[in-house]
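The values are calculated or read from the model by the stated rules, or taken from the named source; none is laboratory data. Note that the structure is a prediction, hence the values are computed from the model and not measured. Backbone-built Cβ (ideal geometry, glycine too); neighbour counts: all protein chains shown.
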Amino acid sequence: MTTGTIDCDIHPGVPDIAALLPYMNDFWRESFVHRGLDGFDMMSYPLNAPITCRPDWRIAGQRPGASLDALRNQALDAFGIGTAICNPLTGGQAAVSESMGAAICSAVNDWISQHWLDQEPRLRASIVVPAQAPLLAAEEIERCAPDLRFVQVLLPVACEMMLGRSYYWPIYEAAARHRLPIGIHAGSQYRYAPTSTGWPSHYVHDYIAQSQTFEDQLLSLISNGVFNKFPDLTFVLLESGVTWLPGFIWRAVKTWRGVRAEVPWVNRSPADIIRDNIRLTIQPFDAPDGQAVERIVAQIDADHMLLFASDYPHWQFEGDAITPPGLSDSLQQRIRVDNPLATYPRLKKVLK
């Protein structure tokens, strides 16, 4: 089997609620219109923030990532991408109402299926689910799972509580049953401050602080025994950065050795659990030069963990420097093709 590069993180520009109304039932169509919410803009990134879209990828009058033709020209064809996974970042997961959030997520999944997956055979997608309602999220997984073009379940990194809590286990159970990885993407439901000491004053602080939240959630998944309950479940950290991981592994192992009597169900080293069950996309790879990249990869000591991603249309790299310097040809092959195929079982079925 041969295939081009597999891009594990692109972001279609999902329109506002008005565009999703045809994919909702009569109750929700009327509710959004009567409440005046049909013009609600679900853009997760600030529309005009520089990091939201590379300057040469912006199209006047369009939201970033909204054009399928632009995606083909600027990413799929430009970078030799054979398959790309769409990760829609929407307002459904931020809705306080469980039923409203479920309605938005369901509509987004149907919209992405018709307007992107049906139109471009190189595209796959994640199932967007309402993290605020795990039982409804599990129902949405069951509804979408028969379509093999959905290859992952998508959650924001900052939810209402720590992701290791059993409250979320219905989501994990449904995902594991269908052999779907859980993608955890940078982003928040904004129920609580994104830092441990309150709300930041600026967007730059909010964005950078996301890596701290990834560390918190990773430790929650390990210490609450998620991987004991679901040993074959893979979590993919999307847009988390990479360079924080070696120090995190070292400290997690060191502390676990000293206080593991408090979590006797964690019967393996956190380093082993992370290498077996955690994957990371390479954008943004926050290292300054090739030597630093080589050191980070050596310190992780698991070249099967890294997955290729362009993060299109977000601005993470210049020109065609889509992978960081310092990666050998063999590691490039693993990151671009082998690791994604091992992480997403459904890609093997569809790509044959």
Matching residues in segment 9-48 - criterion: being within 20 Å of the chain's Cα centre (by Cα) and either in a loop (DSSP other than H, G, I, E, B) or at pLDDT below 80 (or both):
HIS11, PRO12, GLY13, VAL14, PRO15, MET42, MET43, SER44, TYR45, PRO46, LEU47
If we only count helices (runs of 4 or more DSSP H) wholly inside segment 266-348, which ones have 3 or more residues that are at pLDDT below 95, surrounded by fewer than 23 Cβ atoms within 10 Å (Cβ to Cβ) and in contact with a strand residue (DSSP E or B) (Cβ under 9 Å, 6 or more places away or on another chain)?
none
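This table checks each residue for (1) without any contact (Cβ under 8 Å) to a residue 60 or more places away in the chain; (2) assigned to a strand (DSSP E or B); (3) aliphatic (A, V, I, L, M); (4) over 30 Å from ALA19 (Cα atoms).
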position: TRP116; (1), (2), (3), (4): no, no, no, no
position: SER126; (1), (2), (3), (4): yes, yes, no, no
position: ALA131; (1), (2), (3), (4): yes, no, yes, no
position: ILE141; (1), (2), (3), (4): yes, no, yes, no
position: GLN152; (1), (2), (3), (4): no, yes, no, no
position: LEU155; (1), (2), (3), (4): no, yes, yes, no
position: TRP169; (1), (2), (3), (4): no, no, no, yes
position: PRO200; (1), (2), (3), (4): yes, no, no, yes
position: HIS205; (1), (2), (3), (4): yes, no, no, yes
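Here are some residues: SER106, SER99. Which one is of a type in the set (S, T, N, Q), more than 21 Å from ALA309 (Cβ to Cβ) and in contact (Cβ under 8 Å) with a residue 60 or more places away in the chain?
Working: SER99 fails: in contact (Cβ under 8 Å) with a residue 60 or more places away in the chain.
Answer to the check: SER106.
Okay, residues lined up against (1) under 24 Å from LEU135 (Cβ atoms); (2) in contact with a Ser or Thr (Cβ under 6 Å, 6 or more places away or on another chain):
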| site | (1), (2) |
| --- | --- |
| MET162 | yes, yes |
| ALA175 | yes, no |
| GLY183 | yes, yes |
| LEU237 | no, no |
| VAL263 | no, yes |
Does GLY247 satisfy the condition of being surrounded by fewer than 16 Cβ atoms within 10 Å (Cβ to Cβ) and touching a helix residue (DSSP H, G or I) at 6+ places or on another chain (Cβ under 9 Å)?
yes
Could you identify the single residue in ALA145, ALA125 that is under 18 Å from the mean Cα position of the chain (by Cα), crowded, with 21+ Cβ neighbours inside 10 Å and modelled with pLDDT of 90 or more?
ALA125
Restricting segment 93-110 to residues that are among the small types (Gly, Ala, Ser) and not in a helix (DSSP H, G or I), the residue that is modelled with the lowest pLDDT:
ALA95
Have a look at TYR168, TYR172 and point out the one that is among the aromatic types (Phe, Trp, Tyr), crowded, with 21+ Cβ neighbours inside 10 Å and touching a Phe, Trp or Tyr at 6+ places or on another chain (Cβ under 9 Å).
TYR172
Criterion first (touching a helix residue (DSSP H, G or I) at 6+ places or on another chain (Cβ under 6 Å) and surrounded by 15 or more Cβ atoms within 10 Å (Cβ to Cβ)) does ASN224 satisfy it?
no
Single residue of segment 55-89 satisfying the filter (at pLDDT 90 or above and among the charged types (D, E, K, R)) that is farthest from PRO15 (Cα to Cα):
ASP77
Residue match in segment 62-76 (condition: more than 19 Å from the chain's Cα centre (by Cα), in contact (Cβ under 8 Å) with a residue 60 or more places away in the chain, exposed (fewer than 12 other Cβ atoms within 10 Å of the Cβ) and under 25 Å from HIS185 (Cα atoms)):
no
When segment 250-265 is checked residue by residue, the ones that are in contact (Cβ under 8 Å) with a residue 12 or more places away in the chain, under 26 Å from the mean Cα position of the chain (by Cα) and surrounded by fewer than 20 Cβ atoms within 10 Å (Cβ to Cβ) are VAL253
